[in-house]
Structure formats: structure tokens, C-alpha cells
1. Condition first: free of Cβ contacts under 8 Å to residues at least 12 places away in the same chain and surrounded by fewer than 15 Cβ atoms within 10 Å (Cβ to Cβ). Can you find one or more residues in the stretch 144-165 that meet it?
2. Hey, can you tell me all the residues within the stretch 268-283 that are within 15 Å of I245 (Cβ to Cβ) and not in a strand (DSSP E or B)?
3. Please verify whether L274 is under 23 Å from the mean Cα position of the chain (by Cα), closer than 16 Å to M236 by Cβ and at pLDDT 90 or above, treating the condition exactly as stated.
4. Among the residues of the stretch 224-266, what is the count of those that are in contact with a His (Cβ under 9 Å, 6 or more places away or on another chain) and either β-branched (V, I, T) or crowded, with 21+ Cβ neighbours inside 10 Å (or both)?
5. Can I134 be described as touching a His at 6+ places or on another chain (Cβ under 7 Å) and not assigned by TED's automatic domain parsing to the domain that holds T267?
6. Show the residue pairs meeting these rules: Cβ distance below 9 Å; 6+ apart or different chains; first residue within the stretch 74-98 and on the phi > 0 side of the Ramachandran plot; second residue surrounded by 13 or more Cβ atoms within 10 Å (Cβ to Cβ) and assigned to a strand (DSSP E or B).
7. Restricting to the stretch 166-183, count the residues that are closer than 19 Å to F66 by Cα and surrounded by 18 or more Cβ atoms within 10 Å (Cβ to Cβ).
8. Criterion first (surrounded by 15 or more Cβ atoms within 10 Å (Cβ to Cβ), at pLDDT below 90 and in contact with a helix residue (DSSP H, G or I) (Cβ under 7 Å, 6 or more places away or on another chain)) does L189 satisfy it?
Amino acid sequence: MRNLFFQNRIGRGKRLLALLFCLLLVLTDCWDAVYADGEEELSVQERIAEIQKQIRSQKVGQYGMFPIDGSLVADGDYPIQVESSSPFFRIIEATLTVKNGQMTADITISSLSYQWVYSGTGEQADADTEDHYIDYWDDGGHGVFTIPVEALNKPIPCAAYSKKRKRWYDRDILFLASTLPTGALQVELPDYEAIETALKAYEVKDLEELAARPHKIPEPVSVPKSDGEYSIEVNMTGGSGRASISSPTLLTVRDGKAYATLIWSSTYYDYMILEEEYYLNLTEDGGPSRFEIPITAMDTPIPVIADTTAMGDPVEIHYELTFYEESIGEKGQIPQEAAKKVLMIAAAIIVLGGILNYFVKKKRAA
């Protein structure tokens, strides 16, 4: 009986540890999502709202697209693909109807979660009357809405009313003219993929040329530390306050000189400027933007410029960074490193629990 009791206790403990481990992974992902577009100091409710906002909003369309109205499309009914700004409003099928230059579309979404849609924003829908709401019909568990289409290749506001939440959610949808059958369009479309590829290549080339021009290289300060990796507190001011950088951050000492690795809360920063030097984003996997820059002064604000494409067109934003010499500590104080240690410890506990459970079972069987 004692062995059985002991085994049950171990089993419950192992399951609890596994649950905690999974919860930690989820919380880690949520934390990263919060800082993808959040502010430095947010309440729990605000963090959740930021996560929801990020999940439910993404850009539709491609660079260089121009609107195509119904006068440029031959009359008829055509299958067409539609992009949505939200994965929760996924359009699985659409039929475009064109008659005398006017366009409508039957859009089929993947569920019956929405009572109505509205041609406009949720705020406009709330201020309007119900007779202007667009109802759906049930097509085998999929909701179908017939909506007006102002133009193709143009983001169209389309609010959706959730049955469960009893509120409107703002969406943008875009009807892709390039997916119409041959002969439907009366205008030739540019190759948007080629335009976007060329634009990215030009931007990178332009930045590399700027970085290669003769200029003064910022001089990092000396620190009384052996060469290696440490942590250091950094404070950032300036900008709109929506973006942040992780603190403490990684401090690398090379030849007695100080260099900082900055991890932004956004994926949209493509370069930074310190004095006259350009620093390119080191992240290549689509994660948060990351830069290594020299620390040119301690305990004194350092002016920097960071370029972001979060608002569509590139925008250079001015910030000031202050690094605090007295805060230099062990590398393990960096949030990312601390999270790794917690995960490693949790994994080790689970493994040890499994080993202990094995020996308990073996002893019981004997």
C-alpha cells in the first residue's frame, strides 16, 4: 500500500510538472506576442488586448497594387480569391458578380460564428441601423454573405459581428484581381511579386552602400570587465512609446570594449543609425528585430535612429538609449536566458521524475 501511495503521489507530481512546463511555454509565447506591438508598461488586461489585436490584424495586399473598379471587369460571375486581415474571418470561397460596372460578391467563411457583416468599420456599424447589416445564409455549416465590392486589389473595411461576443470586429478584406479567370479583366496587371522582390533587393543594396561610405565609426567605451558576455540595464526614450527594447540586454565585452545586443518588441525595424554608422537587422527568421551596436557612453543618453516599416512606408524614428554601468551583471539575468534556464530545469525535473517512476514500478513488480 505504501508503494502504491508513493507511486500515485509521484504520478500526480509528474503530471503537474508537465502541465506547468506546457503553461510556461504558452506564457513565453504570449509574452513575446505582447511585446510585438506593446508598450513598456502594460497591465494584464492591456497585454491581453495587445495579443488579441496582433492576432486579429494583419496587412492585406502587396506593394504597388492599384484599385480596379467594375468598369475594368467584364460582366459575369467569377470565382476569386480573397485575403482577410484576420485568421478568424477566413474566406474559403468567393464568387464575384459584375454587372454594368457594379460589383458584388458572395463570400463564404469557414464557420457560422458571425451574425452579420457590415461594409465599413465596427464603429460605423454601431452608429447605423440594423437594416443596413448584411445577414448570412447557412451553406452546410459555412456562413455566406453577399457584400458590395468597391474595387479589386484594394483593402475594403468589413466589420463582422460575433454571435458569441456580441460585438463588432474590424476586418479588412481584399479581392485579388490576379486570381480572376483569363479574359475577365480589361487591364493588364503588373507583376506584384517581382515588384516586391526588386524593392526589397534595392532597399538592402541601398543600405549596404550607405554603410560602405567613408564615415566616422562610433567608438565603444571601455569597461572594467574581462572579455565575455554579461547583462546590462538599458532605458529607451523617444518615439511614440509603442515599441520597446528588452532590458536587461546582452552586453558583450571584446578587447575591453562594450557592445550591446538590442532586441526590439517589433519585427519591423530594418536598420539603426548610431552617429554616422548604419547597423542592419541581424534577425533572419522573422522574429523580433535584433541589432548589435557599440555602447559609446555609460549613464548618458545616446541618440540613435531606428527605421521601421510597421506603418507601411519606411519611417526613421529618433530615440535615446541610456546604459547603466552599475547594472552590469551575469548573463543569466537577461530575460531570454532566464527563460531558457527555467525550461531546462523544468525538463530536467520531468526527466528525473520519469526515472524515479521507472524504479518505483520496477521495485513494485519485483
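1. Of the stretch 144-165, the ones free of Cβ contacts under 8 Å to residues at least 12 places away in the same chain are 165.
Now narrow it down to the ones that are surrounded by fewer than 15 Cβ atoms within 10 Å (Cβ to Cβ): 165.
Checked against the condition, which is being free of Cβ contacts under 8 Å to residues at least 12 places away in the same chain and surrounded by fewer than 15 Cβ atoms within 10 Å (Cβ to Cβ), the stretch 144-165 yields at least one hit.
2. Y268, N281, L282, T283
3. no
4. Within the stretch 224-266, the subset in contact with a His (Cβ under 9 Å, 6 or more places away or on another chain) is 238-239.
Among the residues that remain, those that are also either β-branched (V, I, T) or crowded, with 21+ Cβ neighbours inside 10 Å (or both) are: none.
Residues meeting the conditions: 0.
5. So I134 fails the test.
6. G76/L96; G76/T97; G76/V98
7. 7
8. Yes; evaluated as a whole, the condition is true for this residue.
The values are calculated or read from the model by the stated rules, or taken from the named source; none is laboratory data. From a predicted model like this one, the values you see are computed outputs, not experimental measurements. Please note: Cβ atoms are built from the backbone with ideal geometry, for glycine as well, and neighbour counts cover all protein chains shown.
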